[in-house]
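The next block holds one structure in the form of structure tokens; read it before the comments.
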Amino acid sequence: MKIATFNINGILARHDALLTWLDEAAPDVVCLQETKKIDAEFPRDAFERLGYTVELHGMKSFNGVAILSRLPLEDVSRRLPGDDGDEHTRWIEATVMGRRPVRVTSLYLPNGNPAPGPKYDFKLAWMERMRARVSVLLETEEPLVFCGDYNIIPQPEDAANPKDWLTDALFLPASRAAFQRITNLGLTDAFRVRNRSPGQYSYWDFQRGAWERNNGIRIDHHLLSAQAADLLIDAGIDKQVRGREKPSDHVPVWIELDA
DNA sequence: ATGGTAGCGGTGCTA
């Protein structure tokens, strides 16, 4: 079971590029972020024609997550619990019915800039809500995959120029500590354990020639429960997508599970 | 210290 995550930064702008990449990468499951469309306006047709079931949790202009799967999906669940006043569309879960069922979440963790400030407070509170939700799901002892745009640079080696990010919400000590509190529940960073070579990133800013200089950061992650980590075969980043026409600022990151 | 680019939607916000 190949499970990819891809922050597409607008489903309309990325519709054709997404189809091109689906054709060559052939993932079983794709978790999307920043679709930026209400569910009724999501262009499902081309993806359904390729055999993908489309499950959405979107809103107008901002945020928006989705799960596309060519394996059956069960028990779809939207919203991150813990704050009834949170209207952001940043969380969708579904169980993928492979040879083994895998509970997959597509998540879009708040950016949090500028920090300090209310947006940063929201980010940290959201991460604590995520920790609580992960803790509940871990009690099932089923394979779990939490993938998406975490807006977290976990370690200095995950940035080409870590000094540039010292005061940024993606790299502040409190952000990294909150991420660590989640992983310390017993989750594995799939890409980290499969790829030890430095200089591998999932995001390059549109500005200042970040792509041309390979001034990137690794912020799109798959975190696996122990039962999922036991099934991990491989992980990778489809970096070539960033060099094409009208790219997203993120590229697809994928894992292969024996499931 | 500033401004640089992109998407959505039709202005300014978000990133």
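Points worth noting:
- Residue selected from the range A:218-238 under the condition in contact with a Pro (Cβ under 8 Å, 6 or more places away or on another chain) and not acidic (D, E), by the criterion farthest from A:E256 (Cα to Cα): A:R218
Conditions (1) in contact with a strand residue (DSSP E or B) (Cβ under 7 Å, 6 or more places away or on another chain); (2) under 23 Å from A:H88 (Cα atoms); (3) surrounded by 14 or more Cβ atoms within 10 Å (Cβ to Cβ), marked per residue:
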position	(1), (2), (3)
A:Y120	no, yes, yes
A:L124	no, yes, yes
A:L137	yes, yes, yes
A:E141	no, no, no
A:N161	no, no, no
A:D168	no, yes, yes
A:S175	no, yes, yes
A:V193	no, no, no
A:Q200	yes, no, yes
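- Answer from A:G112, A:G51, A:G98, A:G82 - the residue that is without any contact (Cβ under 8 Å) to a residue 24 or more places away in the chain and out of contact with any strand residue (DSSP E or B) (no Cβ under 7 Å at 6 or more places or on another chain): A:G51
- Residues (part of a loop (DSSP other than H, G, I, E, B) and farther than 16 Å from A:H222 by Cβ) located in the range A:82-104: A:G82, A:D83, A:D84, A:G85, A:D86, A:E87, A:H88, A:T89, A:R90, A:R99, A:R100
- Residues satisfying the stated conditions in the range A:14-37, i.e. within 12 Å of DNA strand B (Cβ to nearest atom), of a type outside the set (A, V, I, L, M) and over 29 Å from A:D86 (Cα atoms): A:D16
- Screening A:L107 with (1) part of a loop (DSSP other than H, G, I, E, B); (2) of a type outside the set (G, A, S); (3) within 16 Å of DNA strand B (Cβ to nearest atom) gives one miss only, at (1).
- Pick from the range A:38-56, criterion of a type outside the set (A, V, I, L, M) and within 13 Å of A:I11 (Cα to Cα), ranking: nearest to DNA strand B (Cβ to nearest atom): A:E41
- Within the range A:18-40, residues that are closer than 18 Å to A:L107 by Cα have Cβ atoms under 6 Å from residues that are part of a helix (DSSP H, G or I) and within 12 Å of DNA strand B (Cβ to nearest atom) in these pairs: A:T35/A:I11; A:K37/A:I11, counting only partners at least 6 apart in sequence or on another chain.
- Positions within the range A:59-76 being within 16 Å of DNA strand B (Cβ to nearest atom) and either surrounded by 23 or more Cβ atoms within 10 Å (Cβ to Cβ) or without any contact (Cβ under 8 Å) to a residue 12 or more places away in the chain (or both), in sequence order: A:G64, A:V65, A:A66
- Residue identified as farther than 21 Å from A:V96 by Cβ and touching a helix residue (DSSP H, G or I) at 6+ places or on another chain (Cβ under 6 Å) among A:R181, A:R213, A:R192, A:R208: A:R181
- A:T89 falls short on exactly one of the conditions (1) under 18 Å from the mean Cα position of the chain (by Cα); (2) away from DNA strand B (no atom under 15 Å from the Cβ); (3) hydroxyl-bearing (S, T, Y), and that condition is (2).
- Within the range A:121-143, being assigned to a loop (DSSP other than H, G, I, E, B) and either free of Cβ contacts under 8 Å to residues at least 24 places away in the same chain or farther than 15 Å from A:A228 by Cβ (or both) holds for one residue alone: A:E139.
Just so you know, all these numbers are worked out from the coordinates, no wet-lab data involved. Quick caveat: nothing in here was measured; it's all calculated off a predicted structure. Cβ coordinates were reconstructed from backbone atoms using ideal geometry, including for glycine residues, and neighbour counts include every protein chain displayed.
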